[in-house]
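Structure first, commentary second.
Each value in this text was obtained by applying a stated rule to the coordinates, not by laboratory testing. What you see is a predicted model; the values in this text were computed from it and never measured. Methodologically, a virtual Cβ is constructed for each residue, glycine included, from the backbone with ideal geometry; neighbour enumeration extends over all protein chains shown.
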Amino acid sequence: MLTADNATPEPSTDSIEWLALSSISSDHRVNTRPVDTGWVDRKVREGFEPSRIGVPIVSHRVDGTYVWLDGQHRGELIRRAGWSDQKIQCRVFTGLTLAQEASLFLGHNDNRQVKTVYKFLARVTAGEADAVSITAIAQSSGWRITDASGEKCITAVRSLERIFHGDQGRDATMQPGRALQFTLRVVAEAWGYRSEAVNGDVLLGIGAVFNRFGSAVELPAMVKKLAEYPGGPSGLLGKARGARDFQGGTVAHCVSDAVVRAYNTRRRNGSLPDWR
């Protein structure tokens, strides 16, 4: 709901307060996704209805500032609709840690779909063990997990998590996270820090090979074979997609098959078993 100036209740751990829209900001360590301007534009065109705003959720920090936990899109919609000088009714949490703020963001995200990468980044802020470990592994190999594209950037967090957990099966000698470490290392050494090198299917396919065969895979040999692969990561992905259309299965499974075939080519000793 919207109103003109109203008295604000005394803050508490969890209270309803009327706040000026201009007093609420975003901390992208917590509310990790940027404003979807396309959604805001569409809602402005459809017509602004104050009765449908609901009650956004904010955190009142010890320094006196307010940050969005859920509702930054509605806040931007209100501003764009010309109501930026009004106060809005908010559910206010006080005394939260940064991790607790991130946890609340994960539980309340404007009732709209949040991209996996944004949820992952919030989980890192919240201190979730697996997300923190995966982020550390990526950073140790020179990569960073982000919603941005470009050199050294990874957005394919679903694939990272599946490799980390060994969802496609894991050799008993492989410690959790080891296959992910090997995967990110070899793609960087073979192809550099290119965005094509960390395509989700490419990562998942290579990671599955490490998870299945463990220490039987020689890292220098794998780097050499990937570096020599015709067309690099794009060529590997194209080959896998063609195999998927012809033979079936997932693209990632076909990447694994192509990688094993390439690894075994002209190899006299230590060949890996056929993938399929």
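What is the angle, in °, between the Cα long axis of helix 129-140 and the longest principal axis of the Cα atoms in the chain? Nearest 10 is fine, range 0 to 90.
Helix 129-140 sits roughly 60 degrees off the main axis of the chain.
Report the gain in length on full extension from Glu49 to Glu151: 0.36 nm times residue separation, minus Cα-Cα distance, nm rounded to one decimal.
Result: 32.5 nm gained on full extension.
Can you pull the percent of Cα pairs in the chain with separation above 26 Å?
In whole percent, the long-distance tail amounts to 53.
Classify the stretch 128-264 as rounded, prolate or oblate from the Cα gyration tensor: take a ≥ b ≥ c as the square roots of its eigenvalues, call it rounded if a/c is under 1.5, otherwise prolate when a/b beats b/c and oblate if not.
Since a/c stays below 1.5, the shape of the stretch 128-264 is classed as rounded.
If I take R0 = 41 Å and measure r between the Cβ atoms of Val132 and Ser15 in this structure, what FRET efficiency does the formula 1/(1 + (r/R0)^6) give, to the nearest 0.05?
0.85
Under the classification rounded if a/c is under 1.5, otherwise prolate if a/b is larger than b/c and oblate if not, where does the stretch 191-233 fall, given a ≥ b ≥ c as square roots of the Cα gyration tensor eigenvalues?
On the way: a/c = 2.33, a/b = 1.32, b/c = 1.77.
Judged from the Cα gyration tensor, the stretch 191-233 comes out oblate (a/c at least 1.5, b/c at or above a/b).
What's the magnitude of the charge dipole for the stretch 128-264 around its Cα centre, counting Lys and Arg as +1 and Asp and Glu as -1 at the beta-carbon? Answer in Debye, nearest 20. Walk me through the numbers on the way to the answer.
Details: 15 positive and 14 negative charges, 51 e Å.
Roughly 240 debye for the stretch 128-264.
With respect to the cross-link table entries Lys115/Lys239; Lys115/Lys225; Lys43/Lys115; Lys119/Lys239; Lys115/Lys224, which display a Cα-Cα separation exceeding 24 Å?
Beyond 24 Å between Cα atoms: Lys115/Lys239; Lys115/Lys225; Lys119/Lys239; Lys115/Lys224.
Given the -39500 (n - 2.57) contribution per DSSP H run of 4+ residues, what per-residue ellipticity at 222 nm results for the chain, rounded to the nearest 500 deg cm²/dmol?
After summing the helix terms and dividing by residue count, I get -14500 deg cm²/dmol.
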